Every structure is written in C-alpha cells, then in structure tokens.
1. Convert each backbone phi in the stretch 319-327 into a coupling constant with the Karplus relation 6.51 cos²θ - 1.76 cosθ + 1.60 (shift: θ = phi - 60°), then list the ³J(HN,Hα) values in order as whole Hz, x for Gly and Pro.
2. Measuring from centroid to centroid over Cα atoms, what is the spacing of the stretch 115-159 and the stretch 269-283 in Å?
3. What whole-number volume per residue, in cubic angstrom, does the convex hull of the C-alpha atoms of the chain give?
4. Sorting check: for 131-139, 193-201, which peptide has the highest mean count of neighbouring beta carbons within 10 Å, and how do the rest follow?
5. Quick one: if the Förster radius is 25 Å, what FRET efficiency do Ala191 and Leu244 give, using the C-beta to C-beta distance and rounding to 0.05?
6. Rounded to a whole number, what is D in µm²/s for the stretch 89-184 from Stokes-Einstein with the Kirkwood radius over alpha-carbon pairs (20 °C, 1.002 mPa s)?
7. Go ahead and run the numbers for FRET between Val312 and Lys69, Cβ-Cβ distance against an R0 of 41 Å, rounding to 0.05.
8. What are the principal axis extents of the Cα atoms in the stretch 244-300, in Å, biggest first?
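The values are calculated or read from the model by the stated rules, or taken from the named source; none is laboratory data. For clarity, every value in this text was computed on a predicted model and none was experimentally measured. Here the Cβ positions follow ideal geometry from the backbone for every residue, glycine too, while neighbour counts run over all protein chains shown. Accessible surface areas use protein heavy atoms only, side chains included; no ligands, DNA or RNA. Shrake-Rupley method; radii C 1.70, N 1.55, O 1.52, S 1.80 Å.
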Amino acid sequence: MKITRIETFPVPPRWLFCRVETDEGIVGWGEPVVEGRAEVVRAAVDVLSEYLLGQDPLRIEDHWQVLTKGGFYRGGPVLSSAVAGLDQALWDIAGQHYGAPVHALLGGPVRDKVRVYAWVGGDDPGELREEIDKQVEAGFTAVKMNGSGLMPRSLTAADLASVVRRAEVARSALGPGRDFAIDLHGRATTANARRVLAAVADLHPLFVEEPLAPDHLHRLRDLTAATDVPIALGERLYSRTDFLPPLTSGLAVAQPDLSHAGGISEVRRIAALAETFDVQLAPHCPLGPIALAASLQIGFATPNFLIQEQSVGIYHNSGAELLDYVLDPAPFTFTDGHAHRTTLPGLGVTIDEQAVRQAARHPHAWRNPVWRHDDGSMAEW
C-alpha cells in the first residue's frame, strides 16, 4: 500500500482537516491546525507531504521520526501540529487496514467509556447558572469555564471576588457530586494565580487550568507548593521534552492536544511519561470531530486518563459545529456525561467528504482577538 494523495481543507469555524489517500482506496483523516494560524500549518503539511507521497502508510513510527527529526530545525507549534494531523490520518488508515479501532492497535481498551466535560460561557453569574443547568440536564457531570475575562496585572478585591463568584455559582449549581474546572488561559501573573488558587480552594474545583502562560512555567513549582488545588496545563506544549519540567514541578493533570503535540504517536508517550509521575491525562480539544475522535482513542487505551474536553457548543464555534462534518454522530453521542467505546475501525469517525469540500470553498480566516489593558498595553488573551 502506498500514499498517493494528501489534501488539506480549511473549514469553519476555525479548523483544518487533512485527507490522506492510498492506492488501495483506504482514506485516512486528520486535523492539523494551530487556531488562528491554519494557513501556516497548511503550508507545513504541504512540505511534509513531499516525503510521505509514495510511502507505505503503515510505517507510522518511522514516518513520525522522519517528519519530526528529519529536518535540522524541529519542534514548535506549526511543525508539531502539521505532524499531528498527518499522524492521526496514518493511524486512521492503519485501523481500517487491520479492521480494528486505533485503541485496539495501542494495546486494547482499559475502559468502556470516557468521561467528557462541557464548556459553559458567560461573564454574568446568572447566565453561567443557566448554562450549567442546561449541561446538567443533558447528563454532563463536569463543566469547564473561563475564570475571568481580561485579567489585570494586579488584581483588585473586586477582580478576585468576580472569579470567586463564578466558582461559587458553579459549585451551587452542580452540588457536591459533580465537578467544575476553571480555565485561567495563561492570563494571570504568578502572584495573581496564587491569590486565585487560594480563593477558590474551598470550592474544590476539579482543576485550575493554565494558571501561568507557558513562558513562565519555571514558576510552576511556586504555585504547586502553595496550594492543594490540582493544576492542569499543556495545550501549548508539544512534546515529551516540553512536558518533563512541569511533570517534575508538581503538575496534577497533563493536557496535550492531539492536534498540536505530535498526534496519537506522541501523546501516547506523553501519557506514559505522565503516568510515571502519578499525573493524569485530560487531552485539550476545543477543535473538530477528527481531533476529538483521536483523543477518544487515546482515552480508551490510557490507564491514567481523567476526562476529555469536547467542543459542542463552545463559544469559539461560529458558522459550524462538531457534527456538521460527520455522517454518523453515534461516536459523539454522550450518555450520562460519557462517550462510549465502539469497535468502528480506525479513528471511528466517518467524515462527510462532500460537506468538507463544500465548506472549504469558503475558507475561514479565524484570528484570536488582541486584548489591551486600560493603559493601552497588550494583555494576554
């Protein structure tokens, strides 16, 4: 079997899909994207495709090594994301070739269902309560929310009270038997993060995500030593090497992204590395159906898996939703807050190729906003 064609499709709301075709008619799909830089990743996929065309798609590990290390310059979000989508597609092809789901090729399932959480939005606590109530009614047992909007460099008492109020609304709506997570999105300084962690500790969040920007992870131990709140991060880390310092600094939950951190091949290794530090895995995935399908395959086969993010109804989605590009929604039908394991081959998702090609005729140009403090200087988004 040989790879004969590789195509990419920028589709709304902000995703990039790739299609890898073989001479035996098997087609694999992947999702290589950096949100806000899809065009750049698309170019990287085109360059990497020069090597893959004519190759045996089943030599996944060898291809991963060449694609990540075959160039003198390596790493970073663009290259790692391009490799990630191609890697997903190759695993998809392998599963279809062998007639097995990817999790079976990774050693077999260790669980029958994967717990997932839903995003809830809204800066007003009343609106937040309504959103949480909807997700509880839909069967979810966990939600995640932004801890704040723009975060000033020095929190006032009112700023801190606003963060706590959100957490109090979530705990009140969920009760003691369900979970909420708080995403600080790397917006806090180390000093602000310490204050937030102390203020919400008694409300027992499942975890607080990205209390620091990745530039400041050398300060992570200062946070973990000062709190018993589980800290999660990793959406902007792209390899085992990137994860090692946080793992040795008290990280509780590792959050690699299957579309950024080298795909299935590298995330399974990140998960194994995390397991040696007694750290749980909660893959980052505010993306499309292919990235989620790949994440679920990892979840079914990973012993130290905690919970899975998914993008249904997330505030970023505008113009398209998760199920718009799939023919069979069954793999993404969540019951009692869980995705249930199937035996569908490959990634277990059937992409609606016609819908993808139609959407790609009007490619998106999504960019994240640029925020500024009151004094006009740039703020972390």
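1. x, 6, 10, 3, 8, 5, 10, 10, 8
2. Here the two parts' Cα centres lie 26 Å apart.
3. 134
4. 193-201, 131-139
5. Calculated transfer efficiency: 0.45.
6. Here the translational diffusion coefficient equals 134 µm²/s.
7. 0.70
8. Taking the Cα atoms of the stretch 244-300, the three principal extents are 32, 17, 17 Å.
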